[in-house]
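Participant: Below is a structure I'd like to ask you about.
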Amino acid sequence: IERTLSIIKPDATRRNLTGKINAKFEDAGLRIVAQKRIHLSPAQAGKFYEVHKDRPFYGELVEFMASEPVVVQVLEGENAIAKNREVMGATNPANADAGTIRKEFALSVGENSVHGSDAPETAKEEIAFFFSGLELV
Ligand code: ATP
Ligand code: MG
């Protein structure tokens, strides 16, 4: 059993899509074991996405992620990291498969509704970035 960090991004929380997105996770067999709504500061968003700091879209990405509240959550299941990324769909909604979250809900490659960890090591770091041990059972 594996855990991954998921973020429902501002474009989706703003449009009241949290429930519809969570239904996609649950239908795929992922269990939401922790969840909270927070408003990231630009500094916090910048730190979370530090790995992209040299990419041309970094400033835009940080500004977007700090623009409005997000829902951060821990998803659990068999192969949760890969399964979550499958349910999310490709980064650019234009390339995402039918039925995926990004195909159905994303507005653009930047405002693409969800984030998901990409590997076991990053999942561990990203979960610890947002949740304390006490918040996880
Ligand atoms: P995430 O890390 O959010 O789950 P991802 O792993 O599919 O998405 P990354 O390459 O890690 O994609 O990019 C991180 C985020 O940066 C993307 O989800 C998107 O919001 C933003 N981003 C990526 N490429 C672009 C781009 N060309 N223009 C604008 N924003 C982008
Ligand atoms: Mg990524």
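Participant: Kindly indicate the residue of the range 121-136 that is surrounded by fewer than 21 Cβ atoms within 10 Å (Cβ to Cβ) and within 14 Å of ligand 2 (Cβ to nearest atom) and also nearest to residue 100 (Cα to Cα) among those meeting that condition.
Facilitator: The residue in question is 122.
Participant: Scan 70, 62 and give me the residue that is out of contact with any strand residue (DSSP E or B) (no Cβ under 7 Å at 6 or more places or on another chain) and modelled with pLDDT of 95 or more.
Facilitator: Step by step, each of 70, 62 is checked, and only 62 is out of contact with any strand residue (DSSP E or B) (no Cβ under 7 Å at 6 or more places or on another chain) and modelled with pLDDT of 95 or more.
Participant: In the range 37-49, how many are closer than 21 Å to residue 132 by Cβ, out of contact with any strand residue (DSSP E or B) (no Cβ under 6 Å at 6 or more places or on another chain) and open to solvent by 50 Å² or more (accessible area, probe 1.4 Å)?
Facilitator: Total satisfying the criteria: 4.
Participant: Here are some conditions: (1) out of contact with any Pro (no Cβ under 6 Å at 6 or more places or on another chain); (2) within 19 Å of residue 10 (Cα to Cα). Residue 133 meets all but one. Which one does it not meet?
Facilitator: (2)
Participant: Here's a follow-up. Please give the helices (runs of 4 or more DSSP H) falling wholly within the range 1-112 in which 1 or more residues are without any contact (Cβ under 8 Å) to a residue 40 or more places away in the chain and more than 9 Å from ligand 1 (Cβ to nearest atom).
Facilitator: Per the criteria, 18-27, 42-48, 58-65, 80-88, 101-105.
The values are calculated or read from the model by the stated rules, or taken from the named source; none is laboratory data. Quantities reported herein were computed from a predicted structural model and do not represent experimental measurements. Here Cβ is always computed from backbone atoms with ideal geometry, including for glycine, and neighbour counts include all displayed protein chains. Quick note on the areas: whole protein, heavy atoms, side chains included, nothing else; ligands and nucleic acids left out. Shrake-Rupley method; radii C 1.70, N 1.55, O 1.52, S 1.80 Å.
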